[in-house]
1. Is there a quick way to get the dipole size of the chain? I mean about its Cα centre, with the Cβ of Lys and Arg at +1 and of Asp and Glu at -1; what is the value in debye to the nearest 20?
2. Counting pairs of alpha carbon atoms under 8 Å apart in space and at least six apart in sequence, what relative contact order in percent does the chain give?
3. Give me, ordered by chain and number, the residues 5 or more places off residue 54 or on other chains with an amide H under 5 Å from its own placed amide H.
4. Taking the 0 to 90 degree range and rounding to the nearest ten, how far is the long axis of helix 36-49 tilted relative to the main principal axis of the chain, both from C-alpha atoms?
5. Answer with one residue from 92, 51, 61: the one whose Cα lies farthest towards the positive end of the charge dipole of the chain, charges on Cβ with Lys, Arg +1 and Asp, Glu -1.
6. Taking neighbour Cβ counts within 10 Å as the exposure measure, how do 49, 15 sort from fewest upward?
7. What's the percent breakdown of Cα-Cα distances in the chain across 5 Å bins, shortest bin first?
8. Using amide H atoms built 1.01 Å from N in the peptide plane, name the residues 5+ places from residue 33, or on other chains, whose amide H lies under 5 Å from its own.
Amino acid sequence: MNDNDQRPVTVIVGRVWRKKGGESQGVHVMLVAPDDDSAVRLTLEALAREGYAEVELDQIGDMEGSPEDEPHLSAWQGALEGEVSIVTFNETF
């Protein structure tokens, strides 16, 4: 990868809890990071700043192209601009 190539947006999928033992929410975190370890560290730091007491990360991968729908499209754009973008949602089982 040369200096003109843009790093891909990394997406991390998991669950978060505001209170230990409380109700969980699904989470998708999008960011640009130099490697997976840095992506996980930045994700955990961002979730802690947002007040999440517990985090369980399940998958990590690079996105191919932009998402089509909100709120993921805005999160993807934020990641390209250097933000750690967090999308939470109610899980359905």
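Read-outs throughout are calculated quantities, based only on the coordinates presented, and are distinct from any laboratory measurement. Not measured: the values here are computed from a predicted model. We place every Cβ from the backbone using ideal geometry, glycine too, and count neighbours over all the protein chains shown.
1. Working: 7 positive and 19 negative charges, 107 e Å.
With only Lys, Arg, Asp and Glu charged at Cβ, the dipole is about 520 debye.
2. Details: 156 pairs, mean separation 35.9, N = 93.
That works out to 39 percent.
3. 17
4. 50 degrees
5. 51
6. Working: 49 10, 15 16.
Ranking 49, 15 by Cβ neighbours within 10 Å, fewest first, gives 49, 15.
7. 3, 14, 25, 25, 18, 9, 4, 1, 1, 0
8. Correct list: 10.
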